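Just so it is clear, none of the values below were taken in a lab; they were calculated from the coordinates. All values derive from a computational prediction rather than experimental measurement. Backbone-built Cβ (ideal geometry, glycine too); neighbour counts: all protein chains shown.
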Amino acid sequence: MTDKLEAILWSIAFSGFAQLLNRKFVKGIVFLLFEFLINVNSNFNMVIFQSFQGNIREAIEAANYQWLMF
């Protein structure tokens, strides 16, 4: 039971970690690379930072929606 719960919690935090726990290394690494690529190209971290600061307009302007929807 705890193994499944651990995989679910890791999968929520970072896509690909559950696959790594299940020894599906290629699939896990591909998911991690996709997550990194999308986060960087969509400015997702800046969007989160700006929204936490209360700068919603700046967060909307910083977002690259084409990458976010990918």
- Calculated from DSSP helices alone, with each H run of at least 4 adding -39500 (n - 2.57) and the total divided by the residues of the chain, [θ]222 nm to the nearest 500 comes to -22500 deg cm²/dmol
- Query: In debye to the nearest 20, how big a dipole does the chain give about its Cα centre with +1 on each Lys and Arg Cβ and -1 on each Asp and Glu Cβ?
  - Reply: 260
